[in-house]
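Undergrad: Following this message is one structure expressed as structure tokens.
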């Protein structure tokens with residue numbers, strides 16, 4: 001009896017995380033169909049799906065999605081690179097840290113979304129402003145975690161590397177960077193969350209296209225189905241970027257007992 | 001002159017088997033150390049037997065160890081008192097010297113100076129007659145913790161010790177060294193899945209893969225359990241006999257020092273307080289002779305020391 005239950009459990013285990021979302025959607029649809037939930041307050045899942053099909057066919061949804069994704073990734077690349085470079089530099093060179101760290105910490109404590117009015121004046125409502133904000137938001141978690149990662153590399157390992165004749169370059173490449181990687185990836189995951197959050201707020205307040213704009217526009221015309229669709233899209237995009245970060249962790253940290261399988265063996269190189 | 005001759009001789013010997021006679025997998029018990037490979041590693045052997053093994057004694061004459069000389073060496077950290085205060089010590093090439101002493105007596109500092117990790121504040125420090133200037137490729141250190149890079153496989157970690165060789169050659173040497181410590185089957189594992197003793201064996205392989213002439217051991221067995229410790233002691237002794245490097249072992253375990261070393265040096269207040277040749281035959285057994293040396297050293301260590309005051313209760317394991 002127990003055995004069959006365990007077998008059943010194993011087979012359906014991958015589906016387990018999806019049971020709750022599916023249940024919520026089913027109940028939601030039922031409430032809407034039965035008229036308990038007015039469609040003026042909340043459209044049903046079917047209505048939302050219909051909106052998705054409609055907007056996909058008209059080309060509006062793919063366009064918004066592409067524009068938003070492009071902004072998010074560009075901003076992420078710019079901000080992430082700057083944060084990573086500063087983290088690296090300040091983790092390695094005392095002088096650089098003395099020079100820049102306290103300034104970075106000051107800027108970090110300004111809520112970057114508070115700069116939206118200023119950014120609109122500077123950049124207008126085009127792409128640049130959004131990319132700027134995303135870059136600004138993403139910079140700090142990457143910077144802090146890179147710096148922390150480099151600082152927390154076991155000094156014993158660095159000393160070992162020196163004893164075994166590793167030069168400066170090899171020491172960074174083979175000891176310091178891999179040692180800092182777990183922390184850097186934590187920063188990356190955190191930054192991906194901030195990336196979407198920043199972009200959505202910025203697009204909702206001032207934009208002429210993108211998902212945030214689509215949602216605001218729909219509100220003007222009281223198309224609640226589109227508004228809900230946009231919100232669901234955010235959830236999916238967030239999940240997608242989280243999966244990406246997890247994938248990176250799994251492939252870059254396979255040596256780590258927490259991420260890789262304990263008995264993992266690499267194919268002979 | 002002599003070293004150039006040795007160099008040439010080593011080159012003609014060629015390859016690892018020539019360099020490390022006795023072969024990694026001789027199934028006959030070693031006549032000198034008196035135990036077989038199986039005993040040393042707890043694994044069954046199964047490799048090719050080397051046919052033309054040079055005699056062990058001949059091997060030791062051809063020692064490629066590095067001589068170390070310290071003259072009036074002084075070391076202090078900051079404005080504190082001198083950790084090493086005019087220390088004199090001469091270590092012959094190929095000798096196995098153990099350094100014992102209370103915690104904080106400066107024995108690890110001494111090892112770091114010889115390794116070139118720290119610079120002395122005064123005095124002279126020579127390796128093979130030349131002043132020590134930083135790290136050198138002939139000197140390897142084994143630390144108390146294995147210090148393996150967790151993001152490299154066991155084999156890649158060992159390859160780190162073969163720095164400066166071609167990729168293929170380094171890989172081959174790493175395999176060979178892993179075989180010497182009986183871990184060739186774990187070559188592709190991550191270090192995180194190994195036990196403490198296995199990690200130290202990998203560290204030993206990494207230290208030996210570059211054919212060091214001076215091996216510095218900084219309490220490498222301190223964190224291991226008693227049985228693993230004995231196993232590792234035998235392994236270190238055997239590899240030292242085969243390869244003829246100079247070995248310097250820092251330990252607070254007097255028994256371990258007597259079991260392994262040709263000579264035990266006691267350091268107290270930054271200077272040599274006792275320098276004792278251990279004249280016991282190898283392999284060492286814990287007989288009355290062993291106990292005699294152990295007692296002599298321990299008695300000297302535990303002598304009431306006015307200046308040490310309340311430090312009389314110290315951490316010694318026997």
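The values are calculated or read from the model by the stated rules, or taken from the named source; none is laboratory data. Bear in mind that the values here come from a model prediction, so they are computed numbers and not experimental data. Please note: Cβ atoms are built from the backbone with ideal geometry, for glycine as well, and neighbour counts cover all protein chains shown.
Undergrad: Considering only region A:149-225, give the helices (runs of 4 or more DSSP H) lying wholly within it that have at least 1 residues that are touching a helix residue (DSSP H, G or I) at 6+ places or on another chain (Cβ under 9 Å) and closer than 23 Å to residue A:115 by Cα. Quick ask: steps written out before the conclusion?
TA: Numbers: elements: A:155-163, A:168-171, A:177-205, A:211-220.
It comes to A:177-205, A:211-220.
Undergrad: With region A:1-90 as the region, which helices (runs of 4 or more DSSP H) entirely inside it contain at least 1 residues that are closer than 30 Å to residue A:129 by Cβ? Give the steps one after another, and end with the answer.
TA: On the way: elements: A:2-12, A:16-33, A:45-58.
Fully inside region A:1-90 and qualifying: A:45-58.
Undergrad: Exactly one of (1) more than 9 Å from chain A (Cβ to nearest Cβ); (2) part of a helix (DSSP H, G or I) is unmet by residue B:182. Its number?
TA: It fails just one condition, (2).
Undergrad: Listed residues A:119, A:163; which is more than 14 Å from chain B (Cβ to nearest Cβ), buried (at least 17 other Cβ atoms within 10 Å of the Cβ) and at pLDDT below 95? Talk me through it step by step, then tell me what you get.
TA: Working: A:163 fails: more than 14 Å from chain B (Cβ to nearest Cβ).
Of A:119, A:163, the one residue that is more than 14 Å from chain B (Cβ to nearest Cβ), buried (at least 17 other Cβ atoms within 10 Å of the Cβ) and at pLDDT below 95 is A:119.
Undergrad: Answer yes or no as to whether residue B:161 is in contact (Cβ under 8 Å) with a residue 24 or more places away in the chain, surrounded by fewer than 19 Cβ atoms within 10 Å (Cβ to Cβ), outside any loop (DSSP other than H, G, I, E, B) and in contact with a strand residue (DSSP E or B) (Cβ under 8 Å, 6 or more places away or on another chain).
TA: Values: in contact (Cβ under 8 Å) with a residue 24 or more places away in the chain: yes; surrounded by fewer than 19 Cβ atoms within 10 Å (Cβ to Cβ): no; outside any loop (DSSP other than H, G, I, E, B): yes; in contact with a strand residue (DSSP E or B) (Cβ under 8 Å, 6 or more places away or on another chain): yes.
Answer is no for this residue.
Undergrad: Out of the residues in region B:77-104 that are in a strand (DSSP E or B) and surrounded by fewer than 17 Cβ atoms within 10 Å (Cβ to Cβ), which is nearest to the chain's Cα centre (by Cα)? Let's see the steps before the verdict.
TA: Our first condition is that a residue be in a strand (DSSP E or B); within region B:77-104, this holds for B:82-91, B:96-100.
Still in the running and surrounded by fewer than 17 Cβ atoms within 10 Å (Cβ to Cβ): B:86, B:88, B:90.
Working: B:86: 24, B:88: 20, B:90: 16 Å.
Step by step, filter region B:77-104, then rank; the result is B:90.
Undergrad: Looking only at region B:184-221, how many residues end up being out of contact with any helix residue (DSSP H, G or I) (no Cβ under 9 Å at 6 or more places or on another chain) and surrounded by fewer than 20 Cβ atoms within 10 Å (Cβ to Cβ)? Steps first, answer last, please.
TA: Start the filter on region B:184-221 by keeping residues that are out of contact with any helix residue (DSSP H, G or I) (no Cβ under 9 Å at 6 or more places or on another chain), which leaves B:192, B:213.
Narrowing further to those that are surrounded by fewer than 20 Cβ atoms within 10 Å (Cβ to Cβ): B:192.
Selection size over region B:184-221: 1.
Undergrad: Residue check, residue A:67 against (1) surrounded by fewer than 10 Cβ atoms within 10 Å (Cβ to Cβ); (2) in contact (Cβ under 8 Å) with a residue 12 or more places away in the chain, all met but one. Which one?
TA: With (1) surrounded by fewer than 10 Cβ atoms within 10 Å (Cβ to Cβ); (2) in contact (Cβ under 8 Å) with a residue 12 or more places away in the chain applied to residue A:67, the lone miss is (1).
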